[in-house]
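Here's the structure we're looking at; comments come further down.
The values are calculated or read from the model by the stated rules, or taken from the named source; none is laboratory data. The structure presented is a predicted model; accordingly, all values stated were derived computationally and were not measured. The protein model used for the area step is the full one, side chains on, heavy atoms only, and it has no ligands, DNA or RNA in it. Shrake-Rupley method; radii C 1.70, N 1.55, O 1.52, S 1.80 Å.
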Amino acid sequence: MTAPALLHIDRLSVTFAGSPRPAVDNVSVQVAAGERVGIVGESGSGKSTTALAALRLLNETQVGYGSESRIEVGGRDILRLAESELTELRGSTASMVFQDPSSSLNPVFKAGHQVRDVIAAHRPGKRADHRTAALEALTAAGIPDAERVYGCYPFQLSGGLRQRVVIAMAIACSPALLVADEPTSALDATVQAEVLATFDRLCRERGTSLLLISHDIGVVARMCERVYVMSQGVVVEHGSTDSVINRPEHEYTRTLVAAARHREGRTRQTRLTK
Ligand SMILES: Nc1ncnc2c1ncn2[C@@H]1O[C@H](COP(=O)(O)OP(=O)(O)OP(=O)(O)O)[C@@H](O)[C@H]1O
Ligand SMILES: [Mg+2]
């Protein structure tokens with residue numbers, strides 16, 4: 001990797017209150033500017049804990065970090081930032097897309113207003129300018145009739161459109177890094193492919209870095225240049241997506257790849273090659 005890391009997670013250990021062992025143990029993950037990196041692993045392997053820690057979104061009344069843990073985003077040591085600095089960083093430098101759009105959208109506000117409010121929180125200016133920028137973000141997120149969607153409440157939109165609104169909120173302030181935790185797992189296969197294509201286009205057009213979390217190594221194969229494989233809170237293997245998939249070194253990775261190939265044979269929807 002030649003470019004300096006935009007996200008640098010170093011020896012991250014996270015222990016939830018009341019748990020005898022860390023949920024994530026000594027995990028190091030790097031994402032360079034413009035790079036797309038995946039994290040795969042089974043349920044409970046620590047993917048979301050790592051992703052949330054990357055933006056310091058874990059509830060800190062419930063977690064403890066290991067004394068060696070460091071997380072840098074855009075060169076800033078985020079475990080030492082004040083809440084106001086973190087709020088500024090989230091959205092403008094790095095932002096997050098979660099699996100379930102309902103958890104990111106407020107049901108009582110119109111979709112467009114929620115995108116507009118994210119922009120207003122980060123950028124001074126007139127309400128009309130924020131509205132225009134929100135419409136641009138909705139369009140960039142792959143919504144053809146942005147004006148209509150702008151005025152809809154979340155319940156009036158399909159799951160795919162809701163997730164696109166969340167993506168619009170995430171990209172509205174042009175962050176250098178998108179962290180997406182299972183962003184398409186709640187969507188059906190066709191919509192999933194369309195939303196992944198949108199991420200692909202956004203990253204290419206804007207040079208945005210992507211940290212994509214998925215339990216599906218097929219999704220990561222399509223989207224990412226490098227991949228980290230997690231099992232039981234640790235990274236068991238990492239490397240270029242091509243080498244990890246075609247020449248897995250760890251037994252656990254072999255099992256993941258075999259399961260994905262089996263699915264591929266069955267459904268023809270998972271492609272382990274680009
Ligand atoms: N809020 C919490 N309180 C206590 N334990 C938690 C909490 N969140 C996660 N854990 C535990 O931490 C471990 C890692 O969970 P995490 O959600 O990071 O896994 P994951 O890889 O994202 O799984 P999934 O694929 O199901 O989303 C699990 O053992 C989980 O039970
Ligand atoms: Mg998770």
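Rolling a 1.4 Å probe over the protein heavy atoms gives the chain an accessible area of 46 Å² per residue. Coordinate range of the alpha-carbon atoms in the range 167-206 per principal axis, descending: 28, 18, 13 Å. Convex hull of alpha carbon positions in the range 177-260: directionally averaged projected area 5.7 nm².
Its convex hull of Cα atoms gives the range 3-148 a direction-averaged projected area, equal to a quarter of the hull surface, of 10.9 nm². Taking a ≥ b ≥ c as the square roots of the eigenvalues of the Cα gyration tensor, the range 134-233 is prolate, since a/c reaches 1.5 or more and a/b is larger than b/c.
Solvent-accessible area of the range 57-183 (1.4 angstrom probe, protein heavy atoms only): carbon and sulfur portion equals 52 percent. Size of the chain: Rg and Dmax of its alpha carbons, in Å, are 18.4, 56. Taking all C-alpha pairs of the range 82-170, those more than 23 Å from each other amount to 17 percent.
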